[in-house]
Amino acid sequence: MAASLFALLTVTACSNLKVPASNQMAASGAAIDAAASGDAGEYAPVEMNLAQEKLKRARKAFQDKDYRLARDLAEQAQADASLAQSKASSGKAKLAADALQEDVRVLKEELQRNTP
């Protein structure tokens, strides 16, 4: 009787973890896709590779019915993807700022040339 109850509780606990793990993997996949479309692969390749690898491991853990590990890895993948996206945004902003600084420099030179 005790063994049956333990088995039932174990199955119920695992089932309760399946949905959150599945949802987290979907969220992580979306975060990775968003980061990739924001050029994170160019600006933060290490973080993108980590995110993709962790999501791959999460999917494997999910297949193996290790839902807790799957959820944890998917959360880490989402964090890595968010970091990659932030680095990409920062890199793009820096390039835009550098271009603006160059434009200002060129305008100053033009003004100096045209001032008697």
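Quick one: which of SER89, SER4 is at pLDDT below 90, polar (S, T, N, Q) and surrounded by fewer than 17 Cβ atoms within 10 Å (Cβ to Cβ)?
Of the residues listed, the single one that is at pLDDT below 90, polar (S, T, N, Q) and surrounded by fewer than 17 Cβ atoms within 10 Å (Cβ to Cβ) is SER4.
Of everything in region 92-114, what is of a type outside the set (A, V, I, L, M), open to solvent by 100 Å² or more (accessible area, probe 1.4 Å) and within 30 Å of ALA40 (Cα to Cα)? Give them in sequence order.
LYS94, GLN101, ARG105
Conditions (1) open to solvent by 50 Å² or more (accessible area, probe 1.4 Å); (2) small (Gly, Ala, Ser); (3) under 21 Å from LEU17 (Cα atoms); (4) in contact (Cβ under 8 Å) with a residue 24 or more places away in the chain, marked per residue:
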site: MET48; (1), (2), (3), (4): no, no, no, yes
site: ARG57; (1), (2), (3), (4): yes, no, yes, no
site: ASP66; (1), (2), (3), (4): yes, no, yes, no
site: ASP72; (1), (2), (3), (4): yes, no, yes, no
site: ALA84; (1), (2), (3), (4): no, yes, no, yes
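The values are calculated or read from the model by the stated rules, or taken from the named source; none is laboratory data. On a predicted model such as this, the values are computed, not experimentally measured, just so you know. Please note: Cβ atoms are built from the backbone with ideal geometry, for glycine as well, and neighbour counts cover all protein chains shown. Accessible surface areas use protein heavy atoms only, side chains included; no ligands, DNA or RNA. Shrake-Rupley method; radii C 1.70, N 1.55, O 1.52, S 1.80 Å.
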